[in-house]
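Q: I'd like to ask some things about the structure below.
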Amino acid sequence: MLELTVFLSGALVMVLEMVGGRVLAPHVGTSAIVWTSLIGVVLACLALGAWAGGRFADKKLSRRGLGQALAGAGLGCGLTAFCHASVGAGVTQAVGNLYLAAVAAALGIFALPAFFFGMITPYVIRLRIASVDTAGATVGRLYALSTAGSILGTFLGGFVLISFFGSTAILWGVAFCMLALSLCNAPSRPWLRLPLLALCVLLAWQDSLYGQWLAEKGGIRLVESPYNSIRVMEGVDHARDGRAVRLMATDPGYSQSGMLLDAPEELYFEYTRFYALGPRHVPNARRVLMLGGGGYSVPKWLLAGRSGLDAAALRLTVVELDLAMTAVSRRWFGLKADPRLSLRHEDARAFLNRQRESYDLVFVDVFNSHYSVPFQMGTVEAAKELRRAVAPGGALLMNVISAVEGPDGRLFRGIYHALRTAFAEVRVYCVGRPDRPDEVQNLMLLAFPEAGRMALPAPAFATDPPAAETDSMLSARYAGPVSTDTPALSDDFAPVERYALMLLRR
């Protein structure tokens, strides 16, 4: 039983750590900073728990003591499952620095269960050692079992559990398993642990009811996938005469997609309307590639014939990493099956690396926030693949969130200089404040494979955005020189977390 306990504990602690990234995502995002904080905090608490477990075993060596350590891990997981949302929200509201917020959130949510998990292996080793002569073999065997369990838990959590269950449900499952292990290892005098198990069942049930109420009454629906924690929210846009709007968010503080309920094919966010510059410059485009589907607002707009392109002749390919994102868009954002639409569920860079077709227009919308920057799409190597995907006479449009000038513009400048290595001309349009290029805003980068693309045809009749609006977009072009203080991003060196740090403090 002791060997099985070590194996299962090793598996369950890795399940806890794998689901930890999903638990932290709504509060601090999914960047390398967040994963570094989570791994560091869990390792520190495991080390502290191992020290405490060894001392505890020397003072009180019994199966009952092991049962208490296991019950502590189960209780810690139960508290994590019940309180993680409120703790994460409280920490991120109180702490403005992403580094500190990520560490504090990981500590507040995972310190207690990780500490008790750390106690288990040294306690079991002390129980199992019968002779000094065989101590080495005993320690090696138990650590090997614990590591094997951790390997199983890593793949089980990352490949299976997160794909089929919500993070809170997984945490409750880990809590129940640890409490069950506690009862199996120390079945005598279970009178405190049985009520604890019953309490966890009650809290899990209440937590589930609250989640259902929140979805029905609070207008918030949560969908979790291997890649994202997707929140769908209902609201009212007072700036548009109180029209009902539905929003999708995957990172804290940002909505990645939006849709007016009475006009699902209309482009809601201002930056998405700048994609109209593509049809304006390439009015005869027939083949369009969209990297990053999100809520599929731009694909719906294109297929509805609102862009001025010949919608009947359009052939649109959308590459979206997350299958759940497409499912959410079908259910809540009006995405419908269309013979002109081809969907590919894979990483955008991986798709670019292997595909050999060319497109009249390539839209890139993968830089949704500062919390999770997919650096691999903004490098010199990626620019080369993007250039290969653009047909002669075509154009690339890429949305980037950054400033143009000053220290907050380093992310943009790294991507801009990468594009300039592959494209003959790259133009920059400031979506939010053209008069304030030092402010963080959506930037639309328009890149041409050939130089001298000066002629600009009139927009098609009755397009959305209309001619006056697209003319205004053209006037938002950044006219100044782009500083060379930031080198082009590359696959080998792309410090996007450092470049975005100042943005995250705002």
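The values are calculated or read from the model by the stated rules, or taken from the named source; none is laboratory data. These figures come from a predicted structure and were not determined experimentally. When we count neighbours, we look across all protein chains shown, and the Cβ atoms used for this are built from the backbone with ideal geometry, even at glycine.
Q: Sort out which residues of segment 58-90 are among the aliphatic types (A, V, I, L, M) and at pLDDT 90 or above, and write them in order of number.
A: LEU66, ALA69, LEU70, ALA71, ALA73, LEU75, LEU79, ALA81, VAL87
Q: May I pose another question? Looking only at segment 257-291, how many residues end up being among the polar types (S, T, N, Q) and assigned by TED's automatic domain parsing to the domain that holds ALA476?
A: Total satisfying the criteria: 2.
Q: Can you tell which of ARG413, ARG427 is under 27 Å from TRP301 (Cα atoms) and touching a residue at least 24 places away in the same chain (Cβ under 8 Å)?
A: That would be ARG427, the only listed residue that is under 27 Å from TRP301 (Cα atoms) and touching a residue at least 24 places away in the same chain (Cβ under 8 Å).
Q: Anything in segment 380-393 that is buried (at least 24 other Cβ atoms within 10 Å of the Cβ) and either within 12 Å of ALA494 (Cβ to Cβ) or small (Gly, Ala, Ser) (or both)? List them, or say none.
A: Answer for segment 380-393, where residues must be buried (at least 24 other Cβ atoms within 10 Å of the Cβ) and either within 12 Å of ALA494 (Cβ to Cβ) or small (Gly, Ala, Ser) (or both): ALA382, ALA383.
Q: I'd like the full set of residues that are surrounded by 13 or more Cβ atoms within 10 Å (Cβ to Cβ) and free of Cβ contacts under 8 Å to residues at least 12 places away in the same chain, limited to segment 341-361.
A: ALA350
Q: Would you mind listing the strands (runs of 3 or more DSSP E) fully within segment 246-334 where at least 3 residues are without any contact (Cβ under 8 Å) to a residue 40 or more places away in the chain?
A: The strands (runs of 3 or more DSSP E) meeting that bar are 315-319.
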